[in-house]
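The next block holds one structure in the form of structure tokens; read it before the comments.
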Amino acid sequence: MDTTRKGCLLNVLLFVGGAILGTALTATAAVILFLPGSTTTSTDEGSPNVYVKERSSLVGGTRHEVWLGRTADYGHVVVIPNGWDTTPEVDRRPEGVELRFDNGGRIFVPEASYVGGR
């Protein structure tokens, strides 16, 4: 019996198994590091509803977003610039929604951005 072939086959199988396991562990680590968590910090009900969310991930840090839509998990997303407060005053108008911040910053979202989809 040729023991050289058994050793070669075993090495190939171990290499393939290690490659599969390594790929699975890398993919799992990437999901854990980059997948953000989300918390709704405030809600202003109206048409549309306005939700302020805090999104954080281990690698990306924390950012704040405003979601305009019917529910907290579906709508048009506006990222709040870093350094701005996270509680905008909401001014609903026939042509859209204006978000006003304490630092004087304003973000206007036209109605076409949040009506009929995302």
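Using only the heavy atoms of the protein chains and a 1.4 Å probe, how would 44, 102, 73 rank by accessible area, largest first? Present the calculation step by step, with values, prior to reporting the outcome.
Numbers: 44 55, 102 135, 73 110 Å².
Highest to lowest solvent-accessible surface, that is 102, 73, 44.
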Under the rule that an exposed site lies in a DSSP loop and has at most 13 other Cβ atoms within 10 Å, name the longest stretch of the chain with no GluC sites (Glu not before Pro) of that kind, not counting the sites themselves. 46-94
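Once R0 is set to 35 Å, what does the formula 1/(1 + (r/R0)^6) return for the Cβ-Cβ distance between residue 112 and residue 57, expressed as a FRET efficiency to the nearest 0.05? Don't skip to the answer; put the middle values down first.
On the way: r = 31 Å, r/R0 = 0.88.
According to the calculation, E is roughly 0.70.
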What is the log10 of I(q)/I(0) for the stretch 1-60, computed with the Debye formula using one identical point scatterer on each Cα and no solvent, at q = 0.23 Å⁻¹? -0.91
Determine the dipole magnitude for the chain: charges of +1 sit on the beta-carbon of Lys and Arg, -1 on that of Asp and Glu, nothing else is charged, the reference point is the Cα centre, and the result goes in debye to the nearest 20. 640
Correct option for semi-axes √(5λ) of the Cα gyration tensor in Å [calculated from the coordinates] among (1) 52, 15, 10; (2) 21, 18, 13; (3) 38, 21, 14: (1)
What number, rounded to the nearest 500 deg cm²/dmol, is the helix-based mean residue ellipticity at 222 nm of the chain, given -39500 (n - 2.57) per DSSP H run of at least four residues and division by all its residues? -10500 deg cm²/dmol
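Which semi-axes, in whole Å and largest first, does the equivalent ellipsoid of the stretch 37-99 have when worked out from the alpha carbon gyration tensor as the square roots of 5 times its eigenvalues? Write out the running numbers ahead of the final one.
On the way: eigenvalues 90, 32, 16 Å².
Sorted largest first and rounded, they come to 21, 13, 9 Å.
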Say the dipole of the chain comes from +1 at the beta carbon of Lys and Arg and -1 at that of Asp and Glu; which of 108, 19, 96 then lies farthest toward its positive end? 19
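So for 113, 47, what's the accessible-area order with a 1.4 Å probe, most first? Don't jump to the answer; show the numbers that get you there.
On the way: 113 35, 47 100 Å².
I get 47, 113, largest accessible area first.
The values are calculated or read from the model by the stated rules, or taken from the named source; none is laboratory data. Everything quoted here is computed from the prediction, not taken from an experiment. Using ideal geometry, Cβ is built from the backbone for each residue, glycine included, and neighbour counts are taken over all protein chains shown. With ligands, DNA and RNA removed, areas are computed over all heavy atoms of the protein, side chains included. Shrake-Rupley method; radii C 1.70, N 1.55, O 1.52, S 1.80 Å.
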